[in-house]
Structure formats: C-alpha cells, structure tokens
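Quick note: the coordinates plus some simple rules give every number you see, no bench work behind them. This structure is a prediction, so every number in the text was calculated from the model and none was measured. Reconstructed Cβ throughout: ideal geometry from the backbone, glycine too, with neighbour counts over all protein chains shown.
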Amino acid sequence: MTQQNIKATFSTFLLSIGHSAQIGLGLLENPETKKVEKNMNLAEYNIDLLNLLKEKTKNNLPSDEEQLLNQIISDLQMKYVSAQKN
C-alpha cells in the first residue's frame, strides 16, 4: 500500500480538528485505544478551538475556507447536542 503525502492547508487543519471532535463524540474509533468511546471534554475543546479560529480569522479567509469552517462547526454542534442526549 502506498502512502500519500497530505498537503498542509488551512482546510486540512480544520478537518483534522473536526476529526478529533468526532472521536470525542464517539462517532469514530479512537486511534490510540482502537475503541469507539465518548470524551465530551475532548469534543467540546475541539469545537471551542474551531470557534476560536472562526473569531480570530473573521473577514480574513477566502469564502470557501470560511464556508468550510462554518459547516464543520455547525455539524459538530448538532452532533454534540445529540451526543449529550444519549
């Protein structure tokens, strides 16, 4: 199997943080434990981190990156509320 290099971009950075939040929400396997488990503190931290990035980059992102950031935050916030209920 050939590994592909992932280019470091702002979009891949956002997706990486979003991925970590999904692990915390128990939606994806934790790569360290190989288990699907909730860690709401981790999820909340990563969502807060994305909101901080949104605040600090306001009016300074290309529209596609701003839209991606907003979509990731919105999606994770809905999943966070759902995960709290379960």
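Students often get this wrong, so check it: of LYS34/LYS56; LYS35/LYS85; LYS34/LYS58; LYS7/LYS85; LYS35/LYS58; LYS54/LYS85, which have C-alpha atoms separated by over 28 Å? Result: LYS34/LYS56; LYS34/LYS58; LYS7/LYS85; LYS35/LYS58 exceed 28 Å.
Between GLU65 and LYS7, take the C-beta separation as r, use R0 = 22 Å, and let me know the FRET efficiency to the nearest 0.05. Don't skip to the end; give the middle numbers.
Values: r = 14 Å, r/R0 = 0.65.
In this case the efficiency is close to 0.95.
Calculate the FRET efficiency for LYS56 and ASN30 from the Cβ-Cβ distance with a Förster distance of 25 Å, rounded to the nearest 0.05.
On the way: r = 28 Å, r/R0 = 1.13.
Computed FRET efficiency for LYS56 and ASN30: 0.30.
Can you pull the Rg over Rh of the chain, Cα-only, Kirkwood?
Numbers: Rg = 13.9 Å, Rh = 13.7 Å.
So for the chain, dividing Rg by the Kirkwood Rh gives 1.01.
What ranking do SER16, SER74 get, fewest neighbouring Cβ atoms within 10 angstrom at the top?
The order, fewest Cβ neighbours first, is SER74, SER16.
Projected label points at LYS85 and LEU49, each 7 Å from Cα along the beta carbon direction, are separated by 2.7 nanometres. What the phi angles of segment 8-18 give under the Karplus curve with 6.51, -1.76 and 1.60, with θ = phi - 60°, is a coupling list of 6, 10, 4, 5, 5, 4, 4, 5, 5, 5, x Hz, glycine and proline written as x.
Report the gain in length on full extension from LEU15 to MET78: 0.36 nm times residue separation, minus Cα-Cα distance, nm rounded to one decimal. Provide the component values of the computation, followed by the final result.
Numbers: separation 63, 0.36 × 63 = 22.68 nm, distance 1.65 nm.
Value of the extension gain: 21.0 nm.
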